[in-house]
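> To start, I am sharing the structure in question, which I have written as structure tokens.
The values are calculated or read from the model by the stated rules, or taken from the named source; none is laboratory data. Small disclaimer: the values here were computed from a predicted structure and weren't measured. No Cβ is skipped: glycine too gets one built from the backbone with ideal geometry, and neighbour counts run over all protein chains shown. These accessible areas exclude ligands, DNA and RNA; they are computed on the full protein's heavy atoms, side chains included. Shrake-Rupley method; radii C 1.70, N 1.55, O 1.52, S 1.80 Å.
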Amino acid sequence: MHANLLLARLPTAARDRLDRRLEPVDLLRGQVLQRAEEPTRFAYFPTSGLVSLLALTAEGPTLELASVGHDGVVGVPVILQTSRTPYQAVVQISGAARRLRADLLTAELGDSPALRDACLRYASQSLREVGQSTVCHHFHPLSERLCRWLLSASDRVHSDTLALTHENLAQVLGVPRTAVSMAAGDLQRAEAIRCRRGSIVIVNRRRLEVSACSCYAADREDFRLTPPPGDTRVLPSVRPIP
Ligand SMILES: [Zn+2]
């Protein structure tokens, strides 16, 4: 069984055809898979871990537009037939992927309607996520955005332990590290999370859910649409923020 859901859902013939061309690679935290405004060389289908698509600023701070886990592909510009991308793809949580040269993916998209349909559906989902992120970053306070991000990341990597630092969170949330540390400190005092060196553990998921912004409900809806094969978890309902 494929650990990448996009590949796993392809018809067997289309998947077997692609399998021969996919190369297994490790994803290491901090690794840049795609630099902004540079030609796309590879598409990555993560099988574990988490990749952030980051908007860059001239001043230095970054902001996450969308993230890609084992439910998607880093390579939407290839799918949409553009050679460059305005964002930077950076591994946020280490894992693994299977990668395909961009020119080979372009050829496969032309030859395989099943692959093309699956990739275009994913591209649409990714664009929706970018829109939701814009709303979130503009309207919702840092404390709620932090809860949302931790929960969504946990859903994507299927673990309550997230191997990342406050610096990683500052990178995705577009705020100084000190601001993340203050917000994380509040959550730790509320016994919702536990911060360790190089990792954050969710110890009270329910407490995070009631403190997350309403965007998490949208994230959960996406998760419901793309549950991993065999995952029968019933996600609890989220109470609206008072
Ligand atoms: Zn939000």
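> Please verify whether HIS70 is of a type outside the set (Asp, Glu), within 16 Å of the ligand (Cβ to nearest atom) and either within 25 Å of SER181 (Cα to Cα) or open to solvent by less than 40 Å² (accessible area, probe 1.4 Å) (or both), treating the condition exactly as stated. Reasoning before the result, please.
Numbers: of a type outside the set (Asp, Glu): yes; within 16 Å of the ligand (Cβ to nearest atom): no; either within 25 Å of SER181 (Cα to Cα) or open to solvent by less than 40 Å² (accessible area, probe 1.4 Å) (or both): yes.
Answer is no for this residue.
> Something else now. For region 108-137, enumerate the residues that are of a type in the set (Gly, Ala, Ser), more than 16 Å from the ligand (Cβ to nearest atom) and touching a residue at least 60 places away in the same chain (Cβ under 8 Å).
Of the residues in region 108-137, the ones of a type in the set (Gly, Ala, Ser) are 110, 112, 114, 118, 123-124, 126, 131, 133.
Filter once more, keeping what is more than 16 Å from the ligand (Cβ to nearest atom): 110, 112, 114, 118, 123-124, 126.
Hits for region 108-137 are SER112, ALA114, ALA118, SER126.
> Something else: Out of region 171-214, which residues are in contact with a Ser or Thr (Cβ under 8 Å, 6 or more places away or on another chain) and under 25 Å from TYR87 (Cα atoms)?
The answer is GLN171, VAL172, GLY174.
> Report the residue count in region 95-140 for those that are open to solvent by 20 Å² or more (accessible area, probe 1.4 Å) and either touching a Cys at 6+ places or on another chain (Cβ under 6 Å) or of a type in the set (Phe, Trp, Tyr) (or both).
The number of residues fulfilling the criteria is 3.
> Here is a further query. Which pairs have Cβ atoms under 6 Å, sit 6 or more apart or on different chains, and link a residue in region 206-220 that is among the hydroxyl-bearing types (Ser, Thr, Tyr) to one that is open to solvent by less than 10 Å² (accessible area, probe 1.4 Å) and within 13 Å of the ligand (Cβ to nearest atom)?
That search, which allows pairs on different chains as well, returns SER211/CYS147; TYR216/LEU151.
> Here's another thing I want to ask about it. Return yes or no: is VAL32 open to solvent by 20 Å² or more (accessible area, probe 1.4 Å), under 22 Å from LEU169 (Cα atoms) and either modelled with pLDDT of 95 or more or not assigned by TED's automatic domain parsing to the domain that holds ALA96 (or both)? Outline the logic, then answer.
On the way: open to solvent by 20 Å² or more (accessible area, probe 1.4 Å): yes; under 22 Å from LEU169 (Cα atoms): yes; either modelled with pLDDT of 95 or more or not assigned by TED's automatic domain parsing to the domain that holds ALA96 (or both): yes.
For VAL32, the condition - open to solvent by 20 Å² or more (accessible area, probe 1.4 Å), under 22 Å from LEU169 (Cα atoms) and either modelled with pLDDT of 95 or more or not assigned by TED's automatic domain parsing to the domain that holds ALA96 (or both) - is met.
> Return the residues of region 168-216 that are open to solvent by 20 Å² or more (accessible area, probe 1.4 Å), part of a loop (DSSP other than H, G, I, E, B) and away from the ligand (no atom under 16 Å from the Cβ); say none if nothing qualifies.
Correct list: PRO176, ALA190, GLU191, ARG197, GLY198, VAL203, ASN204.
> For the structure I just gave you, tell me whether THR62 is open to solvent by 20 Å² or more (accessible area, probe 1.4 Å) and within 16 Å of VAL157 (Cβ to Cβ).
Values: open to solvent by 20 Å² or more (accessible area, probe 1.4 Å): yes; within 16 Å of VAL157 (Cβ to Cβ): no.
So THR62 does not fit the description; no.
> Just one of the numbered conditions (1) under 12 Å from ASP219 (Cα atoms); (2) modelled with pLDDT of 95 or more is not true of GLN132; which one?
(2)
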